[in-house]
1. Does the range 179-197 contain at least one residue that is under 30 Å from residue 275 (Cα atoms) and within 22 Å of the chain's Cα centre (by Cα)?
2. Considering only the range 214-229, how many residues are surrounded by 10 or more Cβ atoms within 10 Å (Cβ to Cβ) and free of Cβ contacts under 8 Å to residues at least 40 places away in the same chain?
3. Hey, among 240, 183, 165, which residue is open to solvent by less than 30 Å² (accessible area, probe 1.4 Å) and either at pLDDT 85 or above or under 19 Å from residue 292 (Cα atoms) (or both)?
4. From the list 189, 198, 235, which residue is under 30 Å from residue 135 (Cβ atoms), modelled with pLDDT under 85 and charged (D, E, K, R)?
5. Residues of the range 120-156 being assigned to a strand (DSSP E or B) and crowded, with 19+ Cβ neighbours inside 10 Å, which ones?
6. In the range 220-256, what count of residues is obtained for those that are outside any strand (DSSP E or B) and among the aromatic types (Phe, Trp, Tyr)?
7. For the range 165-219, name all the residues that are among the small types (Gly, Ala, Ser) and outside any helix (DSSP H, G or I).
8. Scan the range 268-279 and report the pairs whose first residue is without any contact (Cβ under 8 Å) to a residue 40 or more places away in the chain and farther than 15 Å from residue 304 by Cβ and whose second residue is in a loop (DSSP other than H, G, I, E, B) and open to solvent by 40 Å² or more (accessible area, probe 1.4 Å), with Cβ atoms within less than 6 Å and a gap of 6+ or a chain change.
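The values are calculated or read from the model by the stated rules, or taken from the named source; none is laboratory data. Values in this document were obtained by computation on a predicted structure and should not be read as measured data. For neighbour counting, all protein chains shown are included, and Cβ atoms are generated from backbone atoms with ideal geometry for every residue, glycine included. Side chains are part of the model used for accessible areas, which takes the heavy atoms of the whole protein and leaves out ligands, DNA and RNA. Shrake-Rupley method; radii C 1.70, N 1.55, O 1.52, S 1.80 Å.
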Amino acid sequence: MAIIGSIAHEVLLAGANGGAASAEETWDQLVGAEDEKLRASSLERCLYPLRTSVRLYEVVRKRTCQRAASNPPENRIKRPGTPIQRRRTGHEIWVKSRDEAVGGWIDLVERIDEEIVLSDLKAGDAAVRESYAVQLKIYAALYHETFGEWPSRIQIVPLNGAPSVVPLSRNECSRLLVEASTVLAQINDRVSSGTESDTDLAAPSPAACRQCGFRPVCRAYHAAPKNTEEKWPADALGQVWDINLLLDGKKNLRVRSNTGSDLIFRALSLSQHQALNLVERGDHIGLFDARRSGGSPEFTEGPTTVIYRFSGSFVPTK
């Protein structure tokens with residue numbers, strides 16, 4: 001879950017100058033603040049409290065605090081903002097390209113045996129995804145452009161287990177930075193031209209959309225053909241034509257999708273989904289991050305399922 005990953009990341013970056021107890025205190029404070037936000041949210045209240053909604057919560061908490069206590073950082077410059085001084089090593093090192101078009105914060109830079117090592121801290125395992133590797137390689141090129149020195153090693157550091165080293169080629173790192181700058185300039189030009197719509201600029205795909213929180217309001221995503229053999233998110237959109245109130249207070253909805261097929265949303269909880277209290281026959285709704293069995297037209301709710309009530313154009317109503 002993104003929320004708990006962000007909390008773990010902040011604890012790791014903050015360190016534990018007072019030992020494990022300090023890290024645990026920081027964790028509890030951050031979790032408490034997020035819990036209050038979740039409890040006040042009509043859409044995310046189902047995640048409150050994180051202690052019970054997050055899988056392996058205590059395991060992640062323990063590993064995060066142990067890792068933070070084992071490597072306390074020096075006093076650091078905190079985000080957001082511009083660094084007061086250009087530090088070459090430590091936590092949260094700001095790097096940028098010479099033209100200042102591309103920049104970012106490196107989680108940890110260390111000088112080990114007179115060599116520079118860049119580390120990206122991850123709350124999950126040490127599996128090196130392609131996106132993680134590309135990010136680190138661009139950081140390596142940015143570090144060189146900022147300080148005139150190339151790192152000797154770049155690595156993914158998980159909560160548990162040994163770091164995973166990412167192969168480092170200076171030519172590849174420089175090429176990736178140039179490509180990132182070029183893509184950024186092209187996108188900015190397309191946006192500023194005003195000749196293209198948001199759907200023209202979007203490129204929906206299972207990989208790009210799966211973790212995107214803007215799916216409910218993305219018309220390009222709604223319009224994209226969904227091949228059931230691909231791993232698209234378990235979302236469904238359509239118009240309600242029947243509502244059944246169950247004996248346990250939950251509701252079944254029968255929905256006609258945009259493609260004309262009939263869908264069934266089963267056993268939806270009124271306490272979890274505030275929009276159900278407003279939904280009537282003829283309304284357009286979307287069920288996002290649901291559970292679906294294979295190619296079945298039936299959907300059920302999971303711990304992070306959200307329902308939106310839409311206008312006819314599938315833009316959420318207020």
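1. No, because not a single residue in the range 179-197 is under 30 Å from residue 275 (Cα atoms) and within 22 Å of the chain's Cα centre (by Cα).
2. Adding up the residues that qualify gives 6.
3. Just a single option satisfies the conditions, and that option is 240.
4. 198
5. If the condition is that a residue be assigned to a strand (DSSP E or B) and crowded, with 19+ Cβ neighbours inside 10 Å, then 120, 121, 154, 155, 156 are the ones that fit.
6. 2
7. Scanning the range 165-219 gives 169, 194, 197, 202, 203, 205, 213.
8. Short answer, once both residue conditions are applied: 276/270.
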